[in-house]
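The values are calculated or read from the model by the stated rules, or taken from the named source; none is laboratory data. Note that this is a predicted model, so its numbers are computed, not measured. Virtual Cβ from ideal backbone geometry, glycine too; neighbours counted across all protein chains shown.
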Amino acid sequence: MADYTIAEFGELPSKGKIYKENINPVVHLRTMTTEEEMRRLSPTDYPYKVLCSIIDDCLVEPIGISSYDMCLGDYQYLLHRLRVVTYGSEYPSSSFCPVCGRINKVILNLDELKILPFDEQEIEDILNLELPVKGSKIKLRFTTPRDLDEITKEEKEFQEANPDNEVNINYLLQLKHSIDTVDGRRLDKIKLDVFLRQLAMKDTNAIYQNMIKINEKVGIDTHIQNVCTNPKCGARYATTFRITNEFFGPTIN
Ligand SMILES: [Zn+2]
């Protein structure tokens, strides 16, 4: 690699413990180049695949798994590290004060965003649940960037095949992608479809709630505490981190 790029070290929030593969959780990431930016800007139906291939290429040493197959928290962490090593940690952001309506501008320091503590037992408890009505034992899996691309693709295909469809197919697709096994067995797509469609809503909701929970357990803590800069207000309020054009392609003052 050319010597004008720099590289930084970091450790995956999951510490590599959630993967079947034996992986090295210590990542060594170099800066993006124009080549990678051109790829990032190219039109695609698979936006996560493109970003993940850039992340993978910027990993100075391979870690044993593609970021496309990592949990969303690890992927998001790598995306943040890639941004910091390439452009630095200053991130101009703005938030809306819910009390007085002022738009508060702030420079966030991406290095100060905290990594969620990794608790293996807690994660196991969320991944494994027993359905309250049917009693089936469900094992969930972490959502990956690949899942997100596939859900978008499958939703589009379903809509093209069923132009009159008015139900929210995305909900079902998210659930399908979140299930690893049912009573210890891996169901094929069709069986899983039938299983989920016929499930009592109390059971489906249990799966859905745990799916949301598990994907928020690993990664960067994206909660941001704000103080309104309006001297007559000064309200404290919480927002969540958002990726804007300032993330890749920050304006320079
Ligand atoms: Zn305010």
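Below, the figures for the structure above:
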quantity	calculated
Matching residues in region 231-253 - criterion: being in contact with a strand residue (DSSP E or B) (Cβ under 8 Å, 6 or more places away or on another chain) and either surrounded by fewer than 16 Cβ atoms within 10 Å (Cβ to Cβ) or more than 22 Å from residue 31 (Cα to Cα) (or both)	234, 235, 236, 237, 238, 239, 240, 241, 242, 244, 251
Condition broken by residue 108, with the remaining ones in (1) closer than 27 Å to residue 66 by Cβ; (2) of a type outside the set (Gly, Ala, Ser); (3) at pLDDT below 95 satisfied	(1)
Every residue from region 236-253 that is in a strand (DSSP E or B) and either touching a Leu at 6+ places or on another chain (Cβ under 8 Å) or away from the ligand (no atom under 16 Å from the Cβ) (or both)	240
Complete set of residues in region 58-71 that are touching a Leu at 6+ places or on another chain (Cβ under 8 Å) and in a helix (DSSP H, G or I)	58, 67
Residue check, residue 173 surrounded by 15 or more Cβ atoms within 10 Å (Cβ to Cβ), within 25 Å of residue 70 (Cβ to Cβ), without any contact (Cβ under 8 Å) to a residue 12 or more places away in the chain and not charged (D, E, K, R)	no
Verdict on residue 220 being of a type in the set (Val, Ile, Thr), surrounded by 16 or more Cβ atoms within 10 Å (Cβ to Cβ) and closer than 16 Å to residue 142 by Cα	yes
Residue count, region 214-235 (criterion: closer than 30 Å to residue 126 by Cβ and within 13 Å of the ligand (Cβ to nearest atom))	1
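So that you can scan it fast, the table gives a plain yes or no per residue for (1) surrounded by 13 or more Cβ atoms within 10 Å (Cβ to Cβ); (2) in the same structural domain as residue 46 (by TED's automatic domain parsing); (3) within 16 Å of the ligand (Cβ to nearest atom):
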residue: 104; (1), (2), (3): yes, yes, yes
residue: 112; (1), (2), (3): no, yes, no
residue: 136; (1), (2), (3): yes, no, no
residue: 142; (1), (2), (3): yes, no, no
residue: 156; (1), (2), (3): no, no, no
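Here is a yes/no grid of residues against (1) part of a helix (DSSP H, G or I); (2) modelled with pLDDT of 95 or more; (3) closer than 26 Å to residue 16 by Cα:
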position: 142; (1), (2), (3): no, yes, yes
position: 151; (1), (2), (3): yes, yes, yes
position: 172; (1), (2), (3): yes, yes, no
position: 205; (1), (2), (3): yes, yes, no
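Okay, residues lined up against (1) within 17 Å of the chain's Cα centre (by Cα); (2) in a helix (DSSP H, G or I); (3) at positive phi:
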{"site": "44", "(1), (2), (3)": "no, no, no"}
{"site": "48", "(1), (2), (3)": "yes, yes, no"}
{"site": "56", "(1), (2), (3)": "yes, yes, no"}
{"site": "73", "(1), (2), (3)": "yes, yes, no"}
{"site": "76", "(1), (2), (3)": "yes, yes, no"}
{"site": "80", "(1), (2), (3)": "yes, yes, no"}
{"site": "86", "(1), (2), (3)": "no, yes, no"}
{"site": "118", "(1), (2), (3)": "yes, no, no"}
{"site": "125", "(1), (2), (3)": "no, yes, no"}
